[in-house]
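Just below is one structure, and these are the notes that go with it.
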Amino acid sequence: MSKIILASILTFIVGFNGMSGTVTKSLYIVSGSLLSVDNNLSPYITFNDNPVFTQENPIINLYIGDTLDLWVYNTDLVDHGFVINDVNVSINIAPGDSVFVQQEFASSGVFIYHDSQEYPKYTYLGLAGLIVVKDHSQPCFYWNLKEHNADWNNQLFNGGTVNWSDYDPKYFTINARSNPNINMDTLARITGSIGDTLHLQIANTGQGVHSIHFHGYHGVIKYSSKNPSHIGREKDTFPIYPMETMTIQIIPDKSGEYPVHDHNLAAVTGNNIYPNGMFSTILITP
Ligand SMILES: [Cu+2]
């Protein structure tokens with residue numbers, strides 16, 4: 001038996017017989033530049049798997065009952081914070097310092113980890129990702145929804161202030177990419193076959209509401225951080241508010257390629273060019 005198969009079986013057993021595991025992970029706060037769909041560069045800060053900057057914040061996957069052992073390193077020159085929403089984690093990290101976080105996740109769902117210092121400044125500048133806690137081993141896709149205005153990134157990064165009530169974002173991203181690049185992200189692009197049970201794990205870490213519209217299929221809300229009473233609702237459009245998370249389950253009844261996009265037309269643009277925004281397609285094979 002190969003090690004990979006053995007590891008998969010162990011993960012399955014650990015996830016489903018009540019024996020919980022420990023997932024050990026490190027995150028590095030690193031500043032760099034966000035490359036937008038039209039090759040514009042904006043100052044950006046993210047959590048990374050190692051001290052090298054990437055545009056995307058890692059997705060941390062757990063099974064229900066798992067304990068997360070997490071080291072967070074601040075390689076930046078200013079203070080940052082580390083918060084996991086909806087669980088009791090909130091820590092300050094001095095420049096060059098690191099913190100250890102241990103947290104058990106007793107229920108399934110999508111949890112945002114982010115830097116809440118001077119909120120929304122550092123969350124807006126990129127420091128926000130997803131922790132997904134599952135109670136199944138079915139296929140999952142992951143969307144970290146966000147938007148930004150390049151001028152504001154420059155202003156905030158250089159110590160300036162902005163008036164959040166005048167927020168006018170120009171770029172709209174899923175996992176830090178815009179159309180047509182979203183479909184190249186295998187974590188983001190929803191693919192499967194007729195009858196599969198697919199899960200879309202969504203967090204809105206931006207400052208605008210994003211209303212996700214599915215063509216071709218309806219989805220069922222399986223988790224909602226903001227409106228637990230909406231669990232079980234079947235629809236084709238899902239408004240997701242800033243810092244809200246949601247799990248949508250789709251069981252495709254036909255094959256084809258259909259758009260999935262933000263229903264707000266402005267959010268399907270990139271610096272006013274259509275359709276360079278929050279637009280993807282779901283691809284279902286027979
Ligand atoms: Cu639509």
Original post:
Where the centroid of each part is defined by its Cα atoms, how far is the range 240-286 from the range 160-217 in Å?
Top reply: 7 Å
**OP:** Please order V101, V110 by the number of other Cβ within 10 Å, starting at the fewest.
**Re:** V101, V110
**OP:** Would you please calculate the Kirkwood hydrodynamic radius of the range 62-154 over all C-alpha pairs and express it in Å, rounded to one decimal?
**Re:** 14.6 Å
Original post:
Which percent, nearest 5, of DSSP beta bridges in the chain are antiparallel?
Top reply: 75 percent
Subject >> Using θ = phi - 60° and Karplus 6.51 cos²θ - 1.76 cosθ + 1.60, couplings along the range 118-131 (whole Hz; Gly, Pro as x) >> reply: 6, 3, x, 3, 6, 5, 4, 6, x, 7, 6, x, 10, 10
**OP:** For n ≥ 4 DSSP H runs only, could you compute -39500 (n - 2.57) per run for the chain, divide by its residues and tell me the 222 nm figure to the nearest 500?
**Re:** -2500 deg cm²/dmol
Original post:
Which of the trypsin sites (Lys or Arg not before Pro) across the range 228-282 are loop residues per DSSP, with 10 or fewer other Cβ within 10 Å?
Top reply: K254
Subject >> Likely footprinting exposure, M278, M243, M184, fewest C-beta neighbours within 10 Å first >> reply: M184, M243, M278
**OP:** Order by neighbour count: R177, R189, fewest other Cβ atoms within 10 Å first, most last.
**Re:** R189, R177
**OP:** Report the Stokes-Einstein translational diffusion coefficient (µm² s⁻¹, integer) for the chain, Rh taken as the Kirkwood radius over Cα pairs, at 25 °C with viscosity 0.890 mPa s.
**Re:** 126 µm²/s
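Bear in mind that the values in this text are calculations on the coordinates, not laboratory data. Small disclaimer: the values here were computed from a predicted structure and weren't measured. All Cβ positions, glycine included, derive from the backbone under ideal geometry; neighbour counts span all protein chains shown.
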